[in-house]
Amino acid sequence: MNKLKLVFATNNQNKLKEVQAMLTNFEIISLADLNCFDDIPEIAETLEGNAIIKANFITEKYGLNCFADDTGLEVEALNNEPGVFSARYAGGTNSAEENMKKLLKNLSNNFNRKAQFRTAIALNIQGKQFIFEGICKGSILKKKQGDKGFGYDPIFMPAGFNKSFAEMNMSEKSTISHRGKAIEKLVTFLNNYTW
Ligand code: IMP
């Protein structure tokens, strides 16, 4: 049987490999495979909006089925900031250290440390669009713990655990993570999709 081609609009090789392993019925193509090095502007005000911009850009430019993701950390006491600005919270440098420093400073000694990571995935397939969401609830620690992972991992403790994301190995994190849950929904949908 011919495999349906599906672009994953990401430059992150780890995300790509993870998804390829779960979607063996599909031919998963990366942006690099397409020779697409465009800087796709993520200018929407929501995670869903940014995921849609990326997926639509590829579908419109190449006429291909595509999915794209966008993730943000939403901190309750900060009106759900940094949210859609998570990557560049401390400015344009995208430095995880600076972002965490700014977040800890803004939250200061606030008692309400509730936060969640949220991932939105937009899928364009055969003329239709579907959105999938994954949420991981937790709290913001007072200082960094652990050195694994990336981004805000050292200061995020998932609910029901006594350690930060940065103290978990990748497989432990991905079974409970926002991205893991969103990808699981996408995979279930696609593995039941007939064309
Ligand atoms: P992206 O949409 O996956 O590129 O994520 C946007 C930003 O959110 C990243 O640059 C990180 O700062 C943060 N982020 C996303 N996922 C995670 C995660 O699993 N752990 C920690 N930070 C994350």
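Anything in the range 109-131 that is touching a Lys or Arg at 6+ places or on another chain (Cβ under 6 Å) and crowded, with 22+ Cβ neighbours inside 10 Å? List them, or say none.
Thr119
Checking Lys17 against (1) in contact with a Lys or Arg (Cβ under 9 Å, 6 or more places away or on another chain); (2) assigned to a helix (DSSP H, G or I); (3) at pLDDT below 90: exactly one of these is not met. Which one?
(1)
Conditions (1) closer than 22 Å to Asp70 by Cβ; (2) without any contact (Cβ under 8 Å) to a residue 60 or more places away in the chain; (3) of a type in the set (Asp, Glu); (4) assigned to a loop (DSSP other than H, G, I, E, B), marked per residue:
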| position | (1), (2), (3), (4) |
| --- | --- |
| Lys102 | yes, yes, no, no |
| Gln116 | yes, no, no, no |
| Ala120 | yes, no, no, no |
| Gly134 | yes, yes, no, no |
| Ser139 | no, yes, no, no |
| Lys142 | no, yes, no, yes |
| Gly146 | no, yes, no, yes |
| Ser171 | no, yes, no, no |
| Ala182 | yes, no, no, no |
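Any chance the range 23-38 includes a residue that's without any contact (Cβ under 8 Å) to a residue 24 or more places away in the chain and not in a loop (DSSP other than H, G, I, E, B)?
Yes, some residue in the range 23-38 is without any contact (Cβ under 8 Å) to a residue 24 or more places away in the chain and not in a loop (DSSP other than H, G, I, E, B).
The values are calculated or read from the model by the stated rules, or taken from the named source; none is laboratory data. The shown structure was predicted, so the numbers you read here are calculated from the model rather than taken from an experiment. Note that we place each Cβ from the backbone using ideal geometry, even for glycine, and neighbour counts take in every protein chain shown.
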